[in-house]
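Here the structure comes first, spelled out in structure tokens, and everything after it is commentary.
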Amino acid sequence: MLAAGVPATDRNIPSAAKAVAAAEDSFRPPLAPHALHGLSAKTPFAGDVFVGSSLLDMYAKCGHLADARRLFDEMPERNVVSWSALICGYADSGMHSAAMGIFRMALEDAVPVNDFTISCIIRVCASATLFVLGAQVHTRSIKTALNASPFVGSSLVSLYSKCGLVECAYRVFGEAPERNLGIWNAVLIASAQHGHTSAAFQRFMEMQNAGFWPNYITFLCLLTACSHAGLVDEGKRYFSLMKEYGSEPQAEHYAAMVDLLGRVGRISEALDLIESMPMEPPESVWGALLMACRMFKDADTAAIAAKRLFETGSRSSGAHMLLSSTYAAAGRHVDAALARKAMRDAGVRKETGLSWLEAAGEVHTFVSNCRRHPRSNEIYRLLEKVGEKMEAAGYVADTNAVVKDVDKDEKQATVRYHSERLAIGLGLLIVPEGVPIRVMKNLRVCDDCHNAIKYLSKCTGRIVVLRDNRRFHRFEDGACSCGDFW
Ligand SMILES: [Zn+2]
Ligand SMILES: [Zn+2]
């Protein structure tokens, strides 16, 4: 067009910007965004708000956040597109506090925000499990009627689900006036992660009856649901059903299948599936196999899985720990020590076990056996008192669990004061009676804590929702929603 002498204008620059933003990374010349920006600066439309925000949106979508921010700061005039492009750009790049900062500025300047902005901010709250803030944004969206948008709706479903309030997630879904594929997938993954497996299958039928065609994310949700419930046959059925729906299984689907087979101990079958993959198996696939080997004490396969996993360039401390504890569980203590040494030699640091509880607008974080929290004395006293009741009810601390998958800091701590228990202790003190105590943890909950929290829920009459790095556990009246399968 330019070669034919047609000038760049406020009409065609935004279209070109959209094209650059939409192009896949491999097809986009690295400097294309900057070239287009440079070209537009030479036209009389450089200060045009419509042109400016389309360029800003392009920079943000291409991941050039610093350029997007510079352009935003220099714009003589901004509109809702400029604000939301920057907020969503930060949110999608995981720069959560920057996204929140711009969102606050938008509120202070009383800039009208749209449903995309709101849904981005709710997604930020969801990935950081900032429940209170997310709920405030939800309330705001009701006032401006933006909550009717299915984009906002699906972010809300995932916010409440990730914060452990699956009933709220279902309510948002049930009340949504308009549904898109995104909100159906969001409610499917919520059902899967909270162990409501038959609800997930039911919703899969309902979504098709409502005229929605399942995509690869839908199938990933279903496979996750099967995996959390150990349903191998259903999982295989959905895995082969994908092709009938025109979706080729991706690496994530293979990882979910390996997880599913591995959790029920069908390790050689899982290994065969990996060997049949049409693509190079990524870290997640080997990680799932390694986890299964740990559960079933299969040290030989664990060694293969770990070797292949490290070949992907992974520096996961979890994988080193899993390998060493699989050796230990199989009685191969020399190999276990060698695996730990290999980890130190590779300069990989163990991830510290952290648990956190959000209450009254504050996030309280705990590591095992720590006394940094100002109310530590009360927490320890209370846990001791509850511990006596638990023991009277039949709880016996399983010290074996301590030498399993937990990191060294947690190992040294007496089991009673693992980080999640301290967080729950604070929850008992400050979360009002009748409200579930919601705790998040970055690592897998250990066997003993899982057992102890069951007793704790019975002895205190409280509901505890614990999210570890695998799934949600809802402890109520002495039982856990995972059915001890996690
Ligand atoms: Zn524990
Ligand atoms: Zn559980």
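Put +1 on the Cβ of every Lys and Arg and -1 on every Asp and Glu Cβ in the chain; which of GLY461, ALA255, SER154 then has its Cα farthest towards the positive end of the dipole?
Sorting the options by dipole projection puts first GLY461.
If I take every Cα pair under 8 Å that is 6 or more residues apart in the chain, average their sequence separation and divide by the length, what percent do I get for the relative contact order?
On the way: 756 pairs, mean separation 37.1, N = 486.
8 percent.
Using +1 on the beta carbon of Lys and Arg, -1 on that of Asp and Glu, and nothing else charged, what's the dipole of the chain about the Cα centre, debye to 20? Walk me through the numbers before you get to the answer.
Values: 53 positive and 53 negative charges, 196 e Å.
Charge dipole, the chain, about its Cα centre: 940 debye, nearest 20.
Given a Förster distance of 22 angstrom, what is the FRET efficiency for LYS42 paired with ALA66, based on the Cβ-Cβ distance and rounded to 0.05?
Values: r = 22 Å, r/R0 = 1.01.
The calculated FRET efficiency here is 0.50.
For segment 424-481 and segment 187-260, what is the separation of their Cα centres, given in Å?
27
Modelled label-to-label distance, GLU351 and ASN469, 7 Å Cα→beta-carbon offset: nm?
The answer from the label model is 0.2 nm.
Put HIS450, HIS138 in order of accessible area, largest first, 1.4 Å probe: what do you get?
Values: HIS450 5, HIS138 30 Å².
Putting HIS450, HIS138 in descending order of accessible area: HIS138, HIS450.
Can you tell me the FRET efficiency between VAL49 and LEU429 if r is taken as the Cβ-Cβ distance and R0 is 35 Å, rounded to the nearest 0.05?
Values: r = 52 Å, r/R0 = 1.48.
It comes to 0.10.
About the Cα centre of segment 355-480, what is the dipole size in debye to 20, counting +1 per Lys and Arg Cβ and -1 per Asp and Glu Cβ, all else neutral? Working shown, then result.
Working: 21 positive and 18 negative charges, 27 e Å.
The dipole of segment 355-480 has a size of about 120 debye.
So for each of 431-441, 188-198, 275-285, 252-262 I average, over its residues, the number of other beta carbons within 10 Å; can you give me the resulting order with the highest mean first? It would help to have the intermediate numbers written out before the result.
Working: 431-441: 17.8, 188-198: 22.9, 275-285: 14.8, 252-262: 24.7.
Per-residue Cβ counts within 10 Å, averaged per peptide and sorted highest first, yield 252-262, 188-198, 431-441, 275-285.
Take the Cα gyration tensor of segment 419-486, multiply each eigenvalue by 5, square-root it, and list the three semi-axes largest first, rounded to whole angstrom.
On the way: eigenvalues 59, 35, 20 Å².
The answer is 17, 13, 10 Å, longest axis first.
Give the aspartates and glutamates reachable from LYS18 as a straight Cα distance under 18 Å; neighbours fewer than 8 places away on the same chain don't count.
ASP10, ASP48, ASP57, ASP67, ASP92
According to the square roots a ≥ b ≥ c of the eigenvalues of the Cα gyration tensor, what is the shape class of the chain, taking rounded for a/c under 1.5, prolate for a/b larger than b/c otherwise, and oblate for the remainder? Mind showing how you got there, number by number?
Numbers: a/c = 1.82, a/b = 1.50, b/c = 1.22.
Prolate is the answer for the chain, as a/c is 1.5 or above and a/b outweighs b/c.
Which value, in Å² rounded to 10, gives the accessible area of LEU220 with a 1.4 Å probe and all protein chains present?
Roughly 50 Å² of LEU220 is accessible to a 1.4 Å probe.
Taking square-rooted eigenvalues a ≥ b ≥ c of the alpha carbon gyration tensor, is segment 355-480 rounded, prolate or oblate, where a/c under 1.5 means rounded and, failing that, a/b exceeding b/c means prolate?
Numbers: a/c = 1.25, a/b = 1.09, b/c = 1.15.
Rounded.
Per residue of the chain, what 222 nm ellipticity follows from adding -39500 (n - 2.57) for every DSSP H run with n ≥ 4, rounded to the nearest 500?
Result for the chain: -19000 deg cm²/dmol, rounded to the nearest 500.
Step through the residues of segment 168-182 one at a time and calculate ³J(HN,Hα) from phi using the Karplus curve (6.51 cos²θ - 1.76 cosθ + 1.60, θ = phi - 60°), rounding each to whole Hz and writing x for Gly and Pro.
Each residue's phi maps through the Karplus curve to give 5, 4, 5, 5, 4, 5, x, 8, 5, x, 9, 10, 10, 4, x Hz.
Please list, in order along segment 381-392, the HN-Hα scalar couplings obtained from phi with the Karplus expression 6.51 cos²θ - 1.76 cosθ + 1.60 (θ = phi - 60°), rounded to whole Hz, x for Gly and Pro.
4, 5, 4, 5, 5, 5, x, 5, 4, 5, 5, 4
Past 28 Å, Cα to Cα: identify those pairs from LYS297/LYS458; LYS162/LYS458; LYS297/LYS454; LYS61/LYS236; LYS297/LYS350; LYS162/LYS389, in the order given.
LYS297/LYS458; LYS61/LYS236; LYS162/LYS389
May I ask you to evaluate 6.51 cos²θ - 1.76 cosθ + 1.60, the Karplus curve with θ = phi - 60°, for each residue of segment 429-445 and list the ³J(HN,Hα) values in order in whole Hz, giving x for glycine and proline?
Whole-Hz 3J(HN,Hα) from phi for segment 429-445: 7, 10, 7, x, 3, x, 9, x, 8, 10, 10, 10, 9, 7, 10, 6, 6.
Charges at C-beta only: +1 for Lys and Arg, -1 for Asp and Glu. How large is the resulting dipole of segment 40-117 about its Cα centre, in Debye rounded to 20? Provide the component values of the computation, followed by the final result.
On the way: 6 positive and 10 negative charges, 35 e Å.
Computed about the Cα centre, the dipole is about 160 debye.
Taking the mean number of other Cβ atoms within 10 Å as a proxy for protection, how do you rank 293-302, 309-318 from highest to lowest?
My ranking of the peptides, most packed first, is 293-302, 309-318.
Specify, per residue and in Å³, the volume enclosed by the convex hull of the alpha carbon atoms belonging to segment 123-217. Could the numbers behind the result be given before it?
Numbers: hull volume 8.2 nm³, N = 95.
Normalising the Cα hull of segment 123-217 by residue number yields 86 Å³.
Counting Lys and Arg as +1 and Asp and Glu as -1, what is the net charge of the other residues whose Cβ lies under 12 Å from the Cβ of ASP298? Mind showing how you got there, number by number?
Working: positive: ARG266, ARG294, LYS297, ARG332; negative: ASP300.
Once all neighbours under 12 Å are counted, the net charge is +3.
I'd like the distance separating the alpha-carbon centroids of segment 117-170 and segment 1-36, in whole Å.
35
Which sequence of ARG371, ARG470 reflects their accessible areas, 1.4 Å probe, from the largest down? Present the calculation step by step, with values, prior to reporting the outcome.
Values: ARG371 145, ARG470 70 Å².
In descending accessible area the options line up as ARG371, ARG470.
Need one word for segment 1-90: rounded, prolate or oblate. Basis is the Cα gyration tensor (sqrt eigenvalues a ≥ b ≥ c); a/c below 1.5 gives rounded, then a/b vs b/c decides. Working shown, then result.
Numbers: a/c = 1.92, a/b = 1.16, b/c = 1.66.
Oblate, since a/c reaches 1.5 and b/c is not below a/b.
In segment 187-243, what is the volume of the convex hull around the alpha carbon atoms, normalised per residue and reported in Å³?
Values: hull volume 3.7 nm³, N = 57.
For segment 187-243, the hull spanned by Cα atoms encloses 65 Å³ per residue.
Would you pull out the residues with amide H under 5 Å of ARG438's amide H, same chain only if 5 or more places away, H placed 1.01 Å from N?
Amide H neighbours of ARG438: VAL465.
Please list ILE217, ILE424 in order of solvent-accessible area, largest first, computed with a 1.4 Å probe with all protein chains present.
Of ILE217, ILE424, the descending order of accessible area is ILE217, ILE424.
When ranked by the protection proxy of mean other Cβ atoms within 10 Å per residue, highest first, what sequence do the peptides 18-25, 201-208 form?
Numbers: 18-25: 13.2, 201-208: 16.5.
Ranking the peptides 18-25, 201-208 by packing returns 201-208, 18-25.
By how many nm would the segment from ALA337 to LEU107 lengthen if fully extended, with 0.36 nm per residue of separation less the alpha-carbon distance? List each step's numbers first, then the result.
Working: separation 230, 0.36 × 230 = 82.80 nm, distance 5.52 nm.
That works out to 77.3 nm of additional length.
Kindly provide the Kirkwood hydrodynamic radius of segment 52-173 in Å, to one decimal, from all pairs of distinct alpha carbon atoms.
On the way: mean 1/r = 0.0696 Å⁻¹.
By the Kirkwood definition, the hydrodynamic radius is 14.4 Å.
The values are calculated or read from the model by the stated rules, or taken from the named source; none is laboratory data. Since the structure is predicted, the reported quantities are computational estimates derived from the model, not experimental observations. Quick reminder, even Gly has a Cβ in these numbers, built from the backbone with ideal geometry, and neighbours come from all protein chains shown. Heavy atoms of the whole protein, side chains included, go into the accessibility calculation; ligands, DNA and RNA do not. Shrake-Rupley method; radii C 1.70, N 1.55, O 1.52, S 1.80 Å.
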